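Contents: one structure, followed by commentary.
The values are calculated or read from the model by the stated rules, or taken from the named source; none is laboratory data. Model, not experiment: these values are computed from the prediction. As a convention, Cβ positions derive from the backbone with ideal geometry for all residues, glycine included, and neighbour counts pool all protein chains shown.
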Amino acid sequence: MRRYIIGQGAPQSYLCLIYFINLLLRIRCGWLVICLSTVSMTGLLPSAHATNLPIINTHSSAHMSLDDEYRFGHIIAGSIRQQLPLWDDLAALKFINDLTQPLISRSQLNKKTTHLFIIRNKNINAFAAPGGIIGVNTGLIMQAGAIDELVAVLAHEVAHLSLRHYVQTQAQEKAQMPFYMGAFLASIWMAGNVSGNIGEAGFYATQSMLQRSQLKYSRIHEREADRIGFELMEQSPFDVNHMQSLLERLQSPFVKESPMWEWARSHPINNERVADISQRILINQPNPKRHGFDLSFELLKIYQTAQLSKTPKLSLDQLKLNFDPLDNNYGTLVSYTQALGNIATGEVKQASQQLQALSIQHPNATLIWYSWMHNLLSQNQTQAVLEQLQSRRLQRRDDSLSLWINALALRQAAQPKASMQVLLTLLETQPTWAIGWRTVAEWSILDQRLQLNHMAQSQWHLLRGEAQLALKQVQYASQQQTDTQARSLLLQREKALRLINDQAEFN
């Protein structure tokens, strides 16, 4: 039976990562921190006097085509899923996606599809990588002073992608790609596992040619990304004025001394940068915008605290102390925090009443509704959930979260075929959601649908970059009875073989 159950496969042993860690251990000071521009945000705006913006997407490398970049990006994405602690929560991913889409749609990215990741890491960071990869730390979500500050970071990273900076520097030569990927993953890991003092000492002790080249390029590219990021945000529904408040926070003594902001110490924000963005804002005179994300962002912080804390009730009570009583949404935030705290302590009926009242009061606050539905499902109130889903359809509020709740409710209502169909429909719009494919595998084995089980396992392994395991699952699937809901075996086999060839080429 082992072949039918998804398990945690042995981590893929990239030679690049082993090489990087061995090099790490040989450094005389004990640690090496490669400070990649992919995990740094060294300020967000160049001189306000600059008027000529860089031409997007005309940058090219003789060594890497756009197609090669995205092939390499798929390999990096698999490594991230396999080796980094992710928060793969559908509601959180949807929220970050809703923030980035206005920026991406206004960018000149050749491909508008991106791979979004939320890293479970308290440090304040974000990164981008070849092939449309954008990552955000949970620490950045919690510590951003406003939703527009978080968007300022995302705009900066989208600008890096538009300008193909990472192709032009670290990954220009295929011979450098293994080292680039190993350093990239290790730098993200070390940002959350190495103390600030050791990390900073290692940074200054490192004098490798590769690092000096990256720092040289990053100064040029950061200026370009600042300017494009400013333009993207200004054209979006978000308030670009918050870029200035973010820079001022980066410059504060608290930020410079806090280990949570250790990358800010390696790339200090100077007075000139703050003055530049201030002047640009004065020149452009952007008007404050009402985008409607403020309440949702504060709700996400509460939801994240409840989901990720080892002591959710205590953490929620501490978070509640930080709420501003003068905030228009103060009562809503307190009530939502209390409801999630009641769920954590098993007082689910009281939580349902609180969440229902909040959902009626804020019908557009999807996260409140989502928490309410999960709480009802935990009490086996399946019919109530199905009625709410019907009401949501009539109000045309269907989205990926509704599909996920619908699939869970139908499963609970002993309608396995219908629930599977809804889940597969969801995965057509969220094809990189690993939890969804793992759920397909789990449900299909319970239903004795072996071909679908193997195909779901194959897709799950592909997302994690485990091409050989994915190919084996396709072979197992070919030996089972045909399942009309399973994907094309031939197409899945081609995907696995393509990834095997790409890994051989880039690794």
**OP:** Search segment 377-402 for residues being among the polar types (S, T, N, Q) and in a loop (DSSP other than H, G, I, E, B), and hand back the single one that is modelled with the lowest pLDDT.
**Re:** Q395
Subject >> Sole exception among (1) within 30 Å of M64 (Cβ to Cβ); (2) in a helix (DSSP H, G or I); (3) not basic (K, R) for S444, by number >> reply: (1)
Original post:
Regarding K313, is this residue under 24 Å from the mean Cα position of the chain (by Cα) and either buried (at least 16 other Cβ atoms within 10 Å of the Cβ) or in contact (Cβ under 8 Å) with a residue 12 or more places away in the chain (or both)?
Top reply: no
Subject >> Selection status of Q448, surrounded by fewer than 22 Cβ atoms within 10 Å (Cβ to Cβ), on the phi > 0 side of the Ramachandran plot and not aliphatic (A, V, I, L, M) >> reply: yes
Subject >> Out of Q448, Q480, Q503, Q485, sole residue that is modelled with pLDDT of 95 or more and in contact with a helix residue (DSSP H, G or I) (Cβ under 8 Å, 6 or more places away or on another chain) >> reply: Q480
**OP:** Name the one entry in K111, K122, K94 that is within 25 Å of Q82 (Cβ to Cβ), at pLDDT below 85 and touching a helix residue (DSSP H, G or I) at 6+ places or on another chain (Cβ under 9 Å).
**Re:** K111
Original post:
In segment 339-360, which residues are more than 18 Å from E387 (Cβ to Cβ), of a type in the set (S, T, N, Q) and surrounded by fewer than 20 Cβ atoms within 10 Å (Cβ to Cβ)?
Top reply: T345, Q350
**OP:** Report, by residue number, each residue of segment 84-142 that is assigned to a loop (DSSP other than H, G, I, E, B), at negative phi and touching a Lys or Arg at 6+ places or on another chain (Cβ under 7 Å).
**Re:** P85, W87
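Please tell me if T484 is among the β-branched types (V, I, T) and within 24 Å of the chain's Cα centre (by Cα). Write out each step before concluding.
Numbers: among the β-branched types (V, I, T): yes; within 24 Å of the chain's Cα centre (by Cα): no.
No: the conditions fail for T484.
Quick one: is K122 under 23 Å from L250 (Cβ atoms) and surrounded by fewer than 21 Cβ atoms within 10 Å (Cβ to Cβ)?
Values: under 23 Å from L250 (Cβ atoms): yes; surrounded by fewer than 21 Cβ atoms within 10 Å (Cβ to Cβ): yes.
Spelling it out, K122 is indeed under 23 Å from L250 (Cβ atoms) and surrounded by fewer than 21 Cβ atoms within 10 Å (Cβ to Cβ).
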